[in-house]
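Let me begin by presenting the structure, written as structure tokens, before commenting on it.
No lab work stands behind these numbers, since they all come straight from the coordinates. Every value quoted in this text rests on a predicted model; they were computed, and no experiment measured them. Cβ: placed from backbone, ideal geometry, glycine included. Neighbour counts: every protein chain shown.
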Amino acid sequence: MSWVTVGWSMIAAVCMSFAAVHALVWLHSRDKLANLLFAISAFAAGVLTVIEMVAMRAATPAAYSEALRWMHVAAAIIVIALVWFVRAYLQAGRLWLAWTIVGLRALVLVANFFVYPNGTFVEISALKMMPFLGETLSAPVGEQAPSRILIFIGHLLFLIYATDAAVQAWRRGARRQSVTVGGTIVVGLILGLVFSQLMVRGYLPAPLVGFVFLMLVVPMGWELSRDVIQAGALADRLRLSQQRMEMATRAGDLGLWEWDIVRDEVWANERARAWVGAAESERMSFESILQRIASEYREATREAVQRALSADADLEVEFRIDAPGDDARWIAAHGRVERRANGKPVRMRGISMDITARRRDEAELLAQRDSLAQLHRATSLGQLSNALAHELSQPLGAILRNSEAAQLFLKKERPDLEELRAINEDIMRDDRRASAVIDRMRALLKRRSLEMDAISLRDLVDGVAAMMRGELLARQAVLKVDVPSHLPYALGDRVHLQQVILNLLLNSLEAVGEFSSDRRTLTVRATACDDGWIEVAVSDLGPGFPPARISQVFDSFMTTKCEGTGLGLAISKTIVDSHGGRIWAENDPQGGATVRFTLRAVREGGGQ
Amino acid sequence: MSPPSCSPTAAHDEQGSAAAVEEVAPRVFLVDDDVPFMSGLERMLRATGYRAMCFDSAADFLARRPASSPGCVVADLQMPDMDGMALQQALAHSDDPVPVVFLTGNGDIPTGVAAMRHGAEDFLAKTAPREQLLAAIERALVRNSRERRERARRRELQGRVSTLTVRELEVMAHVLRGRLNKQIAADLGIDERTVKRHRANMMVKLGIASVAALAQLAVEAGIVDRDVQISTK
């Protein structure tokens with residue numbers, strides 16, 4: 001076997017191998033355009049090397065010419081691919097130079113195919129037998145084609161382009177890449193020019209493009225292997241930092257996860273896998289994780305993820321997982337989306353936390369608040385019990401007297417049926433009246449969570465006024481209600497809001513207790529604000545709040561009265577807060593105090 | 001507040017026919033702002049045989065009450081504007097007081113004690129047993145009847161006393177102090193026979209025959225108290 005065959009085959013094989021490796025790299029991550037371009041140029045170089053081997057063994061000038069023609073195609077591909085490779089790899093280079101080089105090469109190809117037999121010679125007149133590496137090979141003899149000037153200019157421009165790009169990259173700080181890529185390309189271009197000129201002058205059987213390209217590939221390969229070595233070291237460091245991270249996450253009880261959106265594959269650390277009950281080997285997708293979330297939180301979670309993907313916002317979501325054979329677990333997840341340059345989301349990374357304990361505390365706190373409110377309701381009910389007994393004894397007394405009357409009428413010889421019918425109707429009406437009182441009492445005592453509804457404040461205040469009637473009578477106070485019936489409905493929980501107004505009125509009633517009868521007037525007023533809120537104001541003509549403590553009157557156990565739990569205003573504030581409203585106290589300049597609170601108005605269904 | 005639907009008309013009818021009679025049938029005046037309860041109570045009392053009259057506030061009662069009609073008041077203690085206690089005070093200062101039975105929704109002891117101290121006939125829950133309520137009303141009516149008789153007698157005796165001349169009144173005052181005719185004559189600076197004549201005229205005008213009867217009359221007419229202190233009249 002000849003040295004040429006061995007050498008050229010090896011060069012072609014090396015080029016092809018590089019082409020294959022880089023093509024694979026590109027196939028794996030499509031955004032690595034530099035690898036694709038390098039693969040294309042390496043492939044073209046491999047093909048060119050083979051053609052070159054054929055040309056050197058050509059028997060006729062026509063055969064050599066034909067081979068040379070196809071070598072030009074491969075060379076054009078190499079040049080064009082390398083031009084764009086420089087731009088992709090160094091992230092530098094002038095675009096107009098790149099396009100000019102490409103244009104010139106295209107012109108060379110036009111000449112190559114349509115003007116001359118090939119881009120190098122006008123005509124290969126003869127073949128010269130030449131000893132090369134211990135072998136006798138064919139070398140072309142002929143007149144240079146004028147189109148070669150285009151190749152010269154192209155190479156010159158490429159030199160300028162590559163140097164300029166390398167300088168730019170160097171300035172940017174990518175020094176190693178700038179030297180390796182810029183340097184090898186400059187050297188390769190010069191060698192390519194020299195060799196092709198030597199061939200034209202008859203000193204070489206071929207331009208030895210494969211050999212030149214090999215010189216280009218070796219530094220690149222070195223660069224690549226550097227990357228591999230670095231990747232190895234990186235992997236070690238990564239393993240270490242992963243171990244550290246794992247330790248940290250375990251200590252912090254954190255779950256780590258990563259969602260490859262393109263392939264819909266979720267990676268999660270041991271802790272996070274345990275939470276969703278996934279085995280080590282199980283492949284997880286977004287949907288498979290979603291299915292493990294408690295159904296009532298599933299859609300909300302899906303929406304939160306969609307929002308994060310579409311709006312470039314961080315994911316913040318809390319949900320419950322009811323793992324079989326395990327207590328319900330609350331998880332808070334925080335994630336961030338990674339995007340391609342075009343904004344397409346490719347990955348979401350995040351951490352998750354087990355917040356079951358916190359949720360439990362919150363629930364306890366809520367229950368505590370509820371029971372506190374209930375305690376207070378019971379207390380204020382105690383204050384109201386006399387009044388309620390009065391309320392209840394009216395209908396009960398009426399029923400009793402009516403039944404006694406009926407009994408007596410029935411003993412007569414000719415009972416007045418009309419009278420008896422009237423009595424019966426009155427008894428039924430008073431029975432309903434008594435039931436209504438009991439219902440109001442029960443509603444106040446019942447422990448319940450918020451039930452938001454569209455509420456007519458007019459009805460609400462009237463209900464409270466009815467409840468207060470006895471108490472107002474007992475204290476000889478007057479309640480003025482100024483709630484327009486055309487007011488929009490308020491959004492709120494009827495019983496809780498009743499509690500608020502009741503608390504405020506009882507407070508006011510307490511405040512005016514020591515004053516003369518003309519000042520024992522309480523007012524409930526409601527007005528619609530322009531901004532979609534309704535303001536409710538409860539006023540009295542009492543002594544007002546102590547000015548120094550007016551900002552603290554809503555604190556728990558802050559009381560200026562001798563009786564009372566000091567919770568009335570605090571609970572009112574809690575309730576108003578839970579409705580998203582605001583509550584505040586004011587002293588009126590003409591004496592007395594006003595407590596105001598706001599509620600959200602409901603547009604639809606309101607205004608009746 | 002709408003006027004009560006029960007008996008005012010019936011009461012007016014009765015008033016027409018019974019006005020001329022000196023002692024009309026006693027009536028129970030119901031004063032309560034809770035009309036349904038009052039209407040039930042009126043029916044029960046009517047069925048029992050009482051005549052009841054309804055008023056939906058204390059002011060309404062004071063304005064519309066039939067003049068000098070015997071009876072008693074059954075009033076709710078808790079009412080707006082003028083409550084039961086205020087009504088009782090107003091009645092006590094009027095020239096035709098009637099006993100009050102208080103009804104209340106809740107058995108508030110201190111209020112009840114205060115009401116009783118101010119002369120209420122009774123203090124009952126609205127749901128009190130019928131017998132208890134009727135007994136209280138009966139007691140109030142009996143008391144009213146007695147008080148009315150006492151007031152009528154006093155008025156009659158006072159009428160008789162008012163016919164006496166100044167001199168006759170002076171003689172009467174001395175007689176009530178237990179002075180003898182001779183002593184009276186000396187005190188007044190007149191003749192003893194003149195004293196005797198004044199004394200005889202006085203006894204005739206007052207329709208009595210003895211000094212003991214005179215003393216009794218003087219007390220009943222409210223001229224003197226039991227210790228026989230002559231009023232400054």
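The orientation-averaged projection of the convex hull spanning the C-alpha atoms of the range B:163-220 amounts to 3.6 square nanometres. When each of A:Leu214, A:Leu417 is scored by the number of other beta-carbon atoms lying within 10 Å, the sequence from fewest to most is A:Leu417, A:Leu214.
Let me check I've understood the local charge: for A:Ile185, count other residues with C-beta under 14 angstrom from its C-beta, Lys and Arg +1, Asp and Glu -1. What total comes out?
Surrounding charge for A:Ile185 is -1.
This model, with +1 at the C-beta of Lys and Arg and -1 at the C-beta of Asp and Glu, gives the range A:3-230 a dipole about its Cα centre of some 600 debye. Cα centroids of the range B:168-217 and the range A:62-125: how far apart, whole angstrom? Measuring centre to centre over Cα atoms gives 165 Å.
Restricting attention to the protein assembly as shown, close to 75% of DSSP beta bridges with both partner residues there are antiparallel. Using C-alpha pairs below 8 Å separated by at least 6 residues, the relative contact order for the range B:163-220 is 39 percent.
Since only A:Ala279, A:Ser295, A:Leu309 are under comparison, the one whose Cα sits farthest along the positive direction of the charge dipole of the range A:252-354, derived from C-beta charges on Lys, Arg, Asp and Glu, is A:Leu309. Counting beta carbons within 10 Å around each of A:Val54, A:Val276, B:Val211 and listing the fewest first gives the order B:Val211, A:Val54, A:Val276. Ordering A:482-488, B:52-58, B:217-223 by mean Cβ neighbour count within 10 Å, with the highest value first, yields B:52-58, B:217-223, A:482-488. Dipole orientation for the protein assembly as shown: of the candidates A:Ala490, B:Met44, A:Met467, A:Ala490 has the Cα lying most toward the positive pole (charges on Cβ; Lys, Arg +1; Asp, Glu -1). Compared with the dominant Cα axis of chain A, that is its longest principal axis, helix A:61-90 is turned about 30°. Computed about the Cα centre, the dipole magnitude for the range B:163-220 is approximately 160 debye when only Lys and Arg (+1) and Asp and Glu (-1) carry charge, each at its Cβ.
Count the lysine pairs in chain A whose Cα atoms lie under 24 Å apart, taking only pairs 8 or more positions apart in sequence or on different chains. The result is 5. In the protein assembly as shown, taking the dipole from charged Cβ atoms about the Cα centre, the farthest positive-side position among A:Asn342, B:Val211, A:Leu24 is held by A:Leu24. Summing Cβ point charges (Lys, Arg +1; Asp, Glu -1) relative to the Cα centre of the protein assembly as shown gives a dipole of roughly 1320 debye. Taking the longest Cα principal axis of chain A as reference, the axis of helix A:33-56 is set at about 20 degrees. Per the Cα gyration tensor, chain A maps to an equivalent ellipsoid with semi-axes of 97, 25, 23 Å, ordered largest to smallest. Mean per-residue shielding of peptide A:401-411 is 6, counting Cβ atoms of other chains within 10 Å of each Cβ. Only helices enter this figure: runs of n ≥ 4 DSSP H residues, each worth -39500 (n - 2.57), summed and divided by the residues of chain A, yield -20500 deg cm²/dmol at 222 nm to the nearest 500. Counting Cβ atoms of other protein chains within 10 Å of each Cβ in B:40-52 and taking the mean gives 6.
Using alpha carbon centroids, what distance separates the range A:518-549 and the range A:300-336, in Å? Going from one Cα centre to the other spans 44 Å. Listed by Cβ neighbour count within 10 Å, with the fewest neighbours leading, A:His155, B:His118, A:His28 appear as A:His28, B:His118, A:His155.
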